[in-house]
Every structure is written in structure tokens, then in C-alpha cells.
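Q: Supplied in C-alpha cells, the structure appears directly below.
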Amino acid sequence: MGTRTTLNDLNEYLFQEMDRLTNEDLSADELDKEIKRSDALQKIAKTVIDNGALALQAKKYLDEYGEGDKVELPLIGVTDK
């Protein structure tokens, strides 16, 4: 998997993991491995989502004080570029 940088990319990856977890062809060992992988992914995803929420909150405050146009939020896909 290449570098993914937005919450949309994260969302897609989480759904892909759900698909892997619901694969009925997995052996018990393979399922255990996917469960461990999904636990790790969930922890990372929570951190990424929390960071995105913090960035959005900061952007709202900057917008309120007229400085929001100087800030980009690439994590949620808001950029001038």
C-alpha cells in the first residue's frame, strides 16, 4: 500500500480491513492475525482522526479571527494546491 494522506483514504482502508475480517475462507490462524492487525489499525486510525478533529477545530478558531485562509487541512482534503 502506498502512502495515504486523507481521512477518505483512511476510511477506505478501514473498510478494506472489515472485508478481510469477514472473509469466511480464513483459517483460525489467519483470522487471529487479521484481528491483531485490525486492533493495531484501529489504534492508529483513532490517533489520525483525533489529529484531524484538532486541526479542524484550530481552523474554525482561525476562521473566526480572520486568519483561516492561511491554513490548509490536507488530512481532510482542504488545500489550495
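The values are calculated or read from the model by the stated rules, or taken from the named source; none is laboratory data. This one's a predicted model, so the numbers in the text were calculated from it and none came from an experiment. With ideal geometry, Cβ positions are generated from the backbone for all residues, glycine too; neighbour counts draw on all protein chains shown.
Q: Does any residue in the range 34-45 that is within 13 Å of M18 (Cα to Cα) and touching a residue at least 40 places away in the same chain (Cβ under 8 Å) come within less than 7 Å, Cβ to Cβ, of a residue that is aliphatic (A, V, I, L, M) and part of a helix (DSSP H, G or I) six or more places away or on a different chain, and which pairs are these?
A: Correct list of pairs: empty, since none qualify.
Q: Something else now. Among residues belonging to the range 53-70 that are in a helix (DSSP H, G or I) and of a type in the set (D, E, K, R), point out the one that is farthest from D9 (Cα to Cα). Please lay out each step first, then the result.
A: Taking the range 53-70 as the starting set, the residues that turn out to be in a helix (DSSP H, G or I) are 53-64, 68-70.
Filter once more, keeping what is of a type in the set (D, E, K, R): 59-60, 63-64, 69-70.
Working: K59: 21, K60: 23, D63: 26, E64: 29, D69: 24, K70: 24 Å.
Applying the filter and picking the extreme gives E64.
Residues are listed down the side, and each one gets a yes or a no for (1) of a type in the set (D, E, K, R); (2) not in a loop (DSSP other than H, G, I, E, B):
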position	(1), (2)
T5	no, no
L10	no, yes
K43	yes, yes
N51	no, yes
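Q: Determine which member of the set K43, K70 is modelled with pLDDT of 95 or more and out of contact with any helix residue (DSSP H, G or I) (no Cβ under 7 Å at 6 or more places or on another chain).
A: Working: K70 fails: modelled with pLDDT of 95 or more.
Checking each option against the conditions leaves just K43.
Q: Could you list, in sequence order, all residues of the range 12-43 that are surrounded by 13 or more Cβ atoms within 10 Å (Cβ to Cβ) and either under 21 Å from L73 (Cβ atoms) or charged (D, E, K, R) (or both)?
A: Answer for the range 12-43, where residues must be surrounded by 13 or more Cβ atoms within 10 Å (Cβ to Cβ) and either under 21 Å from L73 (Cβ atoms) or charged (D, E, K, R) (or both): Y13, L14, E17, R20, K33, E34, R37.
Q: Kindly establish whether T6 is surrounded by 13 or more Cβ atoms within 10 Å (Cβ to Cβ) and either under 26 Å from E72 (Cβ atoms) or in contact with a Ser or Thr (Cβ under 8 Å, 6 or more places away or on another chain) (or both).
A: Values: surrounded by 13 or more Cβ atoms within 10 Å (Cβ to Cβ): yes; either under 26 Å from E72 (Cβ atoms) or in contact with a Ser or Thr (Cβ under 8 Å, 6 or more places away or on another chain) (or both): yes.
Judged against the criteria, T6 is a match.
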